[in-house]
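Worksheet: the structure to be examined is printed underneath.
The values are calculated or read from the model by the stated rules, or taken from the named source; none is laboratory data. Note that this is a predicted model, so its numbers are computed, not measured. Backbone-built Cβ (ideal geometry, glycine too); neighbour counts: all protein chains shown. In case anyone asks, the SASA skips ligands and DNA or RNA and just uses the protein heavy atoms, side chains included. Shrake-Rupley method; radii C 1.70, N 1.55, O 1.52, S 1.80 Å.
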Amino acid sequence: MARTSEGLNATIVADVLDAAEGRPIVVALGGGADSAVLLAAAVHGLRDAADDTPVRAVFVRHGLASSRMLEEVAVELTSDLGVPLRVLDAPVEDGPDLEARARRARYEAIDTDLQHDEIAMTAHTADDQAETIVMRLARGSGSAGLSGIPSERGPWRRPLLHHTRAELRSQADTSALPYADDPSNVDDRFTRSRIRHRVMPLLEDELPGSVRGGLVRSASLLAADETYLGDVAKRIPIRRGRGFVRIASAALAADDSVVASRAVRSALRHVRGGYPGEESDVDNVLSAAVDGISRPVSGGLVAVNEGPWVRVGDLPAPPISISAAVGDRFDWAGATYRVTMAEAGHPTVLPGGRFTVFAAASVSLPFEFRGVLPGDSMATGEGNTPVGELLRVHGIHADLRPVSLLAVDGAKIAAVVGVRTASWAAPLASGPVIVVEREVIR
């Protein structure tokens, strides 16, 4: 028979039940007072409402010095409340960046353990929110970061963000809930611990009013702004595939950068496992949309302009070489090309970018298409110029130069495709031309 937790604040109970939305609840227990109150509120509230919604708890065992003590408290609490407990192993080594590594390990372990329609609840408080804002301010975060810890994201809910740590500790004591203090919370090695015990008390002493409350309000206001801008950014068309994403390049170029950058971050989360990318990644994608020049994205990805789309994803390894004549199509580094013949001055043929044009009388087919090799150079009318220099001048990033496409006629380089045609193969004012076109994905 579960023990009744008397004295729980009705607002706390209501906040927990509202966040549950009638779905099965999984409470992430850490052993502290905050998560003890969260679990008790879920159990107490559902029991009083005669609601048989399932509740269970999980404890993630990191194998650190305090893990055994915290696990024992979690076992005692769940036994008192009559709640099933599942202990998940996610060991982390002590050392640099321990807080972040342990946090990622907990989320990954619980995400993997969640069953269909379950929601996971954590006991983050107003104090956690304020400390997070201070840390992110120091790191120069934008409005997304300064929105703080979200009250919900995916299957995760944080119903106690407007309750203080002191309030929850008092609730735990009043209800005689078992809990323990994690020694890491007072370990000066950790940034959050220093902010909690040094910075926040100083701010509260030196500034009038509630600094914590002001930071939490600021986070809430910024979160509302961020939600609105995020909704606007969703109007930019994005197509998601396995391992890549395409974003409408015209919309990126035309929209305000504040909106466009949010669309890019949303796309990057798809291809980078939830990580929105560095500021330089966002800038590279936006630049590729504007000027059509491919640029690298961290994580071994690349942003490639494909006409109406910017494709962000892996750069497929091209073949060693391809032979192609008029009428042929072939794939190279994620793009499709075709070889055609037209008359000089044809309105659909514009040299540069998508089209590389040759005087038909000056070249012989089939071309060999291959990547760049050390020592490659091409006649430009001012002597032979190294291909690497042509690519550099054209703005092709060093990471992408080795997979740039060359058209070779016999032993001579006829063109750096999409960049420049050799002087001896340049199209004439009249007569037929050979066109190598990078196809546009509609």
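Out of Gly32, Gly95, Gly22, Gly7, one residue alone is at pLDDT below 95 and in contact with a Phe, Trp or Tyr (Cβ under 7 Å, 6 or more places away or on another chain). It is Gly32. Sort out which residues of the range 55-72 are touching a residue at least 40 places away in the same chain (Cβ under 8 Å), open to solvent by 40 Å² or more (accessible area, probe 1.4 Å) and either closer than 17 Å to Thr122 by Cα or in a loop (DSSP other than H, G, I, E, B) (or both), and write them in order of number. Those that are touching a residue at least 40 places away in the same chain (Cβ under 8 Å), open to solvent by 40 Å² or more (accessible area, probe 1.4 Å) and either closer than 17 Å to Thr122 by Cα or in a loop (DSSP other than H, G, I, E, B) (or both): Leu64, Ala65. Based on this model, can you work out whether Val92 counts as open to solvent by less than 30 Å² (accessible area, probe 1.4 Å) and closer than 30 Å to Leu8 by Cβ? So Val92 fails the test.
Looking at the range 359-370, can you tell me whether even one residue there is open to solvent by less than 40 Å² (accessible area, probe 1.4 Å), under 44 Å from the mean Cα position of the chain (by Cα) and of a type in the set (A, V, I, L, M)? No; the residues of the range 359-370 include none that is open to solvent by less than 40 Å² (accessible area, probe 1.4 Å), under 44 Å from the mean Cα position of the chain (by Cα) and of a type in the set (A, V, I, L, M). Check the range 63-79 and report whether any residue there is at pLDDT 95 or above, under 31 Å from the mean Cα position of the chain (by Cα) and among the charged types (D, E, K, R). No, the conditions are met nowhere in the range 63-79. When Ala41 is tested against the conditions (1) surrounded by fewer than 24 Cβ atoms within 10 Å (Cβ to Cβ); (2) part of a helix (DSSP H, G or I), the lone failure is (1). All conditions in (1) open to solvent by 50 Å² or more (accessible area, probe 1.4 Å); (2) of a type in the set (A, V, I, L, M, F, W, C); (3) assigned to a strand (DSSP E or B) hold for Val75, with the sole exception of (3). Among the residues of the range 174-210, those identified as part of a helix (DSSP H, G or I), farther than 23 Å from Gly145 by Cα and touching a residue at least 40 places away in the same chain (Cβ under 8 Å) are Thr174, Pro183, Ser184.
Taking Gly145, is it open to solvent by 30 Å² or more (accessible area, probe 1.4 Å) and small (Gly, Ala, Ser)? Write out each step before concluding.
On the way: open to solvent by 30 Å² or more (accessible area, probe 1.4 Å): no; small (Gly, Ala, Ser): yes.
No: the conditions fail for Gly145.
If you go through the range 345-367 and keep only what is among the aliphatic types (A, V, I, L, M) and either closer than 13 Å to Thr421 by Cβ or at pLDDT below 70 (or both), you end up with Val349, Leu350, Val357, Ala359, Ala360, Val363.
In the range 332-345, the residues that are charged (D, E, K, R) reach residues that are in a strand (DSSP E or B) and crowded, with 18+ Cβ neighbours inside 10 Å with C-beta atoms within less than 9 angstrom, at least six apart or across chains, in these pairs: Arg338/Ala324; Arg338/Val435; Arg338/Val436; Arg338/Glu437; Arg338/Arg438; Glu343/Val433. Ala123 passes every criterion in (1) open to solvent by less than 20 Å² (accessible area, probe 1.4 Å); (2) outside any loop (DSSP other than H, G, I, E, B) apart from (2).
In the set Gly410, Gly381, Gly388, Gly395, only one residue is under 36 Å from the mean Cα position of the chain (by Cα) and either over 22 Å from Gly307 (Cα atoms) or modelled with pLDDT of 95 or more (or both); that residue is Gly388.
Does Leu85 satisfy the condition of being closer than 13 Å to Leu29 by Cβ, touching a residue at least 24 places away in the same chain (Cβ under 8 Å) and open to solvent by less than 90 Å² (accessible area, probe 1.4 Å)? Spelling it out, Leu85 is indeed closer than 13 Å to Leu29 by Cβ, touching a residue at least 24 places away in the same chain (Cβ under 8 Å) and open to solvent by less than 90 Å² (accessible area, probe 1.4 Å). Contact annotation: no residue pair with Cβ atoms under 8 Å, 6 or more positions apart or on different chains, pairs a residue in the range 412-424 that is on the phi > 0 side of the Ramachandran plot and open to solvent by 30 Å² or more (accessible area, probe 1.4 Å) with a partner that is of a type in the set (Gly, Ala, Ser) and at pLDDT 95 or above.
Applying the criterion of being small (Gly, Ala, Ser) and open to solvent by 10 Å² or more (accessible area, probe 1.4 Å) to the residues of the range 228-248, the residue that is farthest from Gly300 (Cα to Cα) is Gly230. Residues of the range 162-181 being of a type outside the set (A, V, I, L, M) and open to solvent by 50 Å² or more (accessible area, probe 1.4 Å), which ones? Residues satisfying the conditions are His162, Arg165, Glu167, Arg169, Ser170, Asp173, Thr174, Tyr179, Asp181.
Residues in the range 211-224 that are open to solvent by 60 Å² or more (accessible area, probe 1.4 Å) and over 15 Å from Ser151 (Cα atoms): Arg212 alone.
Looking only at the range 270-284, which residues are under 16 Å from Gly145 (Cβ atoms), within 11 Å of the chain's Cα centre (by Cα) and modelled with pLDDT under 90? Passing the criteria: Gly274, Tyr275, Pro276, Gly277, Glu278.
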